[in-house]
1. How would you rank A:Glu246, A:Glu52, going from fewest to most other Cβ atoms within 10 Å of each one's own Cβ?
2. State which helices in chain A qualify, where a helix is a whole DSSP H run, it must extend 27 Å or more along its own axis by its Cα atoms, and its mean Kyte-Doolittle hydropathy must be at least -1.0.
3. So how many Å³ per residue does the convex hull of the Cα atoms of segment A:22-67 work out to?
4. When the helix-only estimate is applied to the protein assembly as shown (DSSP H runs of n ≥ 4, each -39,500 (n - 2.57), divided by the residue count), what is the mean residue ellipticity at 222 nm, nearest 500 deg cm²/dmol?
5. In segment A:2-288, if the dipole is taken from +1 on Lys/Arg beta carbons and -1 on Asp/Glu beta carbons about the Cα centre, which of A:Ile23, A:Leu149, A:Gly259 is farthest to the positive end?
6. In what sequence do A:Met142, B:Met162 fall when counting other Cβ within 10 Å, fewest first?
7. Please identify the longest segment of chain A free of exposed trypsin sites (Lys or Arg not before Pro), where exposed means a DSSP state other than H, G, I, E or B and no more than 16 other Cβ atoms within 10 Å.
8. For segment A:255-296 and segment B:283-304, compute the distance between their C-alpha centroids and round to whole Å.
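Please treat every number below as a calculation from the coordinates, not as lab data. Because the structure is a prediction, the values reported are computed rather than measured. Neighbour counts run over all protein chains shown; Cβ positions are idealised from the backbone, glycine included.
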Amino acid sequence: MYQLINTVLIGITSGAIYSLMAIALVLVWRSARVVNFAQAGQALLSTYIGYEFIQKFHSFWVALFLSMLVGAAVGAIIDSSFMRILFRRAGHGPIANVAPIIATLGLLGLIRALLGLVVGGKDVRINPPVSNVGYTVAGHTMAFSPLQLVIVISVLLLMLVLSLIFQRTNVGLALRASAYSPEIARLAGVRVDGMRTLGWALAGAAGAAAGLLQTPNGTGVLSPDSLEFSLLLVFGFIAAVIGGLESLVGAVVGGMVLGLVLAFVLTYVSGSVVFITAFGLLIAVLLVKPTGLVGKRGGRRA
Amino acid sequence: MIGINRRRLLVASAVLATGGLVVSTVPAQAFSPHSEVGVTNSAIKLGVTIPLTGAASPGYNKVPSAMKAYFDYVNANGGVNGRKITLVVKDDQYVPTLAVTQTNDLILKDKVFALLAPLGTANVKAVATRVNPGRRGVPVLFVNTGYSGFAVKKTYPTTFTMLPSYIVEAKIMAQYITETYPGKKIGLLYQDDDFGQDALAGFKQAGLSLAVKVPYASGSQGVAGVPATWIQKLSAASPDVVILFGVSSATAAALGTAAVMKYAPKWILGSVGGDATTIKASGVPAGVLYGATGASFLPATTDTTDEYIKLFQSINAKYNNNAVFDNNVLVGMNTAFVTVQAIAAAGQNLTRKGLIAAIEKNGAKFASAGLAPLNYSTTSHVGYNGYWFGTYSPTGDLKPNGGVYTVYTTDSGSGAIVKSTYKRPAMPADGLPTQP
Amino acid sequence: MRKFAGSYFGRLTFFILFGFVLFLASNRVDELRVYQGASVAMYVVAIASLILLTGYSGQVSLGHGALMAIGGYAAALSRNHWGAPFWLCFVVAIVATALAGSVLGTAAARLSGPYLAGSTLALAVGLPSIANQFHILGGEQGLLFDIGAPPAALGADFTEYKWLFWISAVAALIAMWWLQNILRSRFGRTWRAVRSNEVAAQLAGIHVGKSKTLAFTVSSGLAGLAGAMLAMTISTVSPSAFPLTLSFAVLTGAVLSGVTTLSGVMIGALILVATPDIADAISSRFASSENVTTNLPGLLVSALLILVVMLVPNGPVEQMRTLRNRKRAKALR
């Protein structure tokens, strides 16, 4: 009984973490039609900066807020100084399919190598802002801690706030319009480039939150080579694709499905089939619904 | 259309021709003045490939600089038979393809005299078959893997192992557990590949029954949520003693997650993932390690009464930027120490053949920090074959049980597990090789 | 002359001549360069396979490393279990990977860009770890794939690396020649039609799904060949030989070569093989710290990648062609 409950809890908390990354990826995809592999690098960079803020202000929450601002700035800079040129030069022909992927992969490598040059060899630690020891219920310690509660709440908040922005505000409408059909949006007076940059900025902030929240929830240690961040990117991307790249709700649903399926398979089948289960789940979902669980029909339009 | 084709061909041939030119104009390297590759009258060049970057690098990336530090110390004191040792370090990122190309570089471009302490079973195997140091006669000294197969002289004629094999470790650990915790329920976390399979084979060989076995995929310890599933599976079976036989990042993930899930059985750590500094650097508080059991074949890193540790610590302070003195640094220094012993034993007229012969002839008598014997002979290329057990102190340092190193030895086959009577040779004066 | 260069026999002659040049070169350079030549040939095939998929059929793959793994394991298994001669191992690798590719391709044809990217990425992460689940695949230390010493007839000083290089170069030349021909056939025209406008192609009677699946299958077959070549150059196959970074490296090579044309394929392959050497040369000249040495190769490749994709997104060959066309247009005016 406790094992079952714990498995569900592990699934939800790890799902929440994949969702954070998935939200960031979906934000960029929705507003700029780019699968942003640099997200892991941006998150890593923001988390390092977040660590510096923690040292300076001695408050995790202040640091979280500031590093989200920094993350947003980094995202905006990448888009306005770099992706914009890229789209102008490589926005059509067969290269248009791979150019953004390649460019963001290159950025990921660049950020990692630069971080390695600057902070390489020195691992830094981020302590949890609230207890990461599991709650006790009737003498049993559950696989769920105050820190994980904070993470789950942050994910839901992010999803809600961003969904509201997208669905209910003029900015949201402009964001959607400029991604859906840049030419028509431009004719309608939307500043398409600005909207793209805004999408990148929002994603940068979400990625920074993911990095700074997951680090103390994981090992607490940060390094430029961090395996955790690479895997966070891969699993976040898988979650986003499972959920359908078009929607923020999808990102969270995808993350939760991936988290729960992994937790159950690892607990009740075998501990050594993590990667192949993730692949199998992704393929199974896409064979049934080629645009993901929450994807819309005819999603092949970009 | 045809015009475009022709231009395509022209461009292609231009590119190809340039490529060919680049390849063909590179001159062959000059030969060294001494009769043996990588050796001159004043210098010896050695090479190592090891992961310096990438997921497998933490911990291991400290080994090369520790080796360099000891060589620098020896060089500052006159070198070996008047020759100074340089070490060329290459990053293989734990990828066999890179290990092969980097080893090619070391042998064909850098022209090293011998390869030192390569790491990773798949890497060493790929290098052994493709680059084939055995056929080239290049010594591969003191391989950093616990796979027992590399000690087979017929297949790997120039290769010498150093670490006790995983099977040896599991056998000795099984006996220790049976004696210390009779009738207790035992659990195991292991890496689901050859590393773990060897451990399972060793436990089985020594007749240890495991109540719960939790496998994990190599690398999955970094996926959010995965370590939590290990701990809840272990705690659901409620074993009294849990063996963590994985790499250090997995050991650290298991210990850290267990701490926040308030799960605290009696922990026993395998030596691969048991380096206290690496575990603590991976975010595990020293308090969690306190009271756990660990194994080693070298003296405890904090044991300043040990003459080797004392020497290595002072070298570490002077030549290694005073890096944290952990087991990786100790292994690196000790490997370099044994290498220098071997080179000194090979005499003034240093050749690759001579070096191998010297290790086979005198290797079992080499001075080293190891508390278990080295088993080199004309028929055996096996290095250390034993372990002692200890307990992690409140600061998270491994200390021998009862303050004495009680070493048990065995082999990778069906041999018995025996209490070792090996007496370590005294350290030569100042830890420098005795010049003939 | 023009007619000849564009014709079937013209291409055949070109490839044979080029093979002869390579053969001459292999006798003049040292062992290390010969070995690197074999790696270049391997990358040529892998990159060509990806260019075919991306540039000619408009699909994205981040999982070519996984396809190469299938080829490598197929070759090793056929060598170890049936004692097949090396060329037959290559054929088995091509067929096995093409079969796997046709299954994947059927699924892939239904997916649009990012969904396909996600699936192939998951494939690259998931597939190699299967080797630890089945005993026959040899676990983490992998399987041997030893093609043995060169035939005695080639002489005593014919080194093993030269043998490797010969096999790799001939395999790459045959693959490239065959690819050139298939791209000029009906299939090639179909792919290009689908790539430039799916709807128009469909209206013209082309079955888009089938055409994409076929491209994925052919690309997979080539990737399988590259995988077998990679296995040969390291004489083993193991999960760690096909990491995610390999998939990214092939993609990098494809972009450096230019994804729209096969003629630049050597550029990407040469850069991939030469980068570590160049980084080495730079860091040894400036006697820098270990930190710089270890991070320099990654920095160089990433920076180059970004520069290429920003400045010459379609690759250097395509860029030269555009420049020349512009000049010609100006001259005509």
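1. A:Glu52, A:Glu246
2. Once both thresholds are applied, what remains is A:2-32, A:95-119, A:146-168, A:192-217, A:248-268.
3. For segment A:22-67, the hull spanned by Cα atoms encloses 68 Å³ per residue.
4. Using -39500 (n - 2.57) per qualifying helix, the result is -19500 deg cm²/dmol.
5. Of the options given, the answer is A:Ile23.
6. A:Met142, B:Met162
7. Result for the longest clean stretch: A:1-121.
8. Spelled out, the Cα-based centre of one part sits 39 Å from the other.
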